[in-house]
Each structure stands twice: as C-alpha cells, then as structure tokens.
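A quick write-up on the structure given underneath.
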C-alpha cells in the first residue's frame, strides 16, 4: 500500500490566521523585539504544524516559507510562485512582540520585515490565469447544516493555538475559534466553516485551486460530513502530500490523477458542486530568497 508512510503536513498552514489585537503604536519600521528562525528537523511520520500565541510570544511550528508569505501578505498558497523549496523546506520561528499592542496590519508588517530581512526575500506582483474549480450551490441550493451558536465563541482568548496533526492515517486541523476539520476514515468532516473556508479546505485535496462563488456571507458557518470511497480518499491524501513537497514514489504520484466521483456525489447531497473554470488571479512571484535564513 503506497500510503503507509506518507507524512501529511502543512494543511493547517492554509488556515493559520495572524492573530492580532487592536490599538496602534506608530513606528518607522515595525519589527519583532527578538526573533529566531531555525530550519525544522525532518519528520518521517506524524507531523504537528501550527501557530501559537501567548501574550507577546509567537511561535510558528514547522511552516514553509510559502506558508509564512501567505500569512504575511494575505494571499492563498497557490498565489505564491517560486522554487519548489519554498513549499517543502520547513522552519520554526519564535518571536517576541515589542511593548504595546498592535493591529492586524502592524503585526503582519512585522512578519513581512522578518521575511525580507532573514530570507533576503524579494518579489514582484503579477497576474496569472488559473484553471480553477468554482465552489457553487447545487441545482436545488445549499443543504448544509448551519452551525449552532456557541456562547464560548464570544469570549476573548488570552492565548490562541491553531494547529494540525497529520500522518498517513489522516489529518486533523484546529483552525481556532471553534472551527476545525478532519480528513480521516474515508470522510471529510468539518465544523463551523463558512463556504470560503470550505473552498480552502477542498483546495488542499484537489488537482486545481478552489474559489468560493456561492455568494454566502462570511459570518454564516456550517457543519458538513462528506463520505468518500476508499480509493478516492487515497487519491486526495496523495494530492495533499504532493502539494506540500513530500517526496513520493512514482507509483504513488501516478495515483494523484485519479477521479474522485464519490466526492462529487457527497457534495451533491450537501447541495454543493465544483465547476471547472478559468480565472485571472493576482500572484506574488518570488525573485529571490535564501534557503538558509541569516543569523538569529
């Protein structure tokens, strides 16, 4: 069985928010007070990936440079164009915020400056036409179960943990704020996801990017379970491994081109469908980046 030792990781990175608090503090150049960037050790089996915050302390575990760029500049992973290693090489980042509190844009600027300085990152913006899947309502409309409100969701958290655990047995992704999904036991189960996030989840397992075109509001969240045939489940697990730079044998890579008819059927039951389209999208093209970050 070709899947027995495939490490599945980085799926959480697509959902890692930059977790930020309000109030501004002007500065000529916003930077972390201290920060270390280290190559992450290679892992062979189960992998944990995540973003953790506790007060002024930030920790990024086992993220690629592509993941960090996506978080810092608010783009999707497929919108970052560069050499293969920016998706496959992994890093651990520990940082401390300077005194004060900062808004979302300011914290993203700190991460941007760290990547520009430590990786000598240089890039330009462009536009590229992509073959995509449009996530659309089914012929008779969405049949998703809306997530019931939870009073705990309104309570502000002093510390936040967004993480994923993955192996050949499957994937569990905690997106924070009560949102999560699992891909295991031949099914994809999601809790408290809006349709935009559902598109991002599906994109991890498809052969093309998925763009939300359902027209649903961001504040409407759903629960959904999609039952899959074993062969389709295996195809999707191989796809996510390939996307994240995992080295696989040729016979496993060949399986990634397989069909996923059971996913189509499961989505139809949930009142959703994927339609192939062409769409011009903005991209961030890496001109230069060092694989080894500068001294910490």
Three-way shape call for the stretch 114-153 based on the alpha-carbon gyration tensor, with the a/c threshold at 1.5: oblate
To the nearest 0.05, what FRET efficiency results for residue 268 and residue 223 with a Förster distance of 22 Å applied to their C-beta separation? 0.80
Distance in Å, no decimals, from the C-alpha centre of the stretch 246-267 to the one of the stretch 273-296 is 23
Full-stretch length increase - residue 29, residue 131 - with 0.36 nm per residue and alpha-carbon distance subtracted: 32.9 nm
With N residues in the stretch 198-296, Rg(alpha-carbon) / (2.2 N^0.38 Å) equals 1.35
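FYI, it's all coordinate maths here, none of it is from the lab. Predicted model only: the values in this text are computed from it and were never measured. Note: ideal-geometry Cβ built from the backbone for every residue, glycine included; neighbour counts use all protein chains shown.
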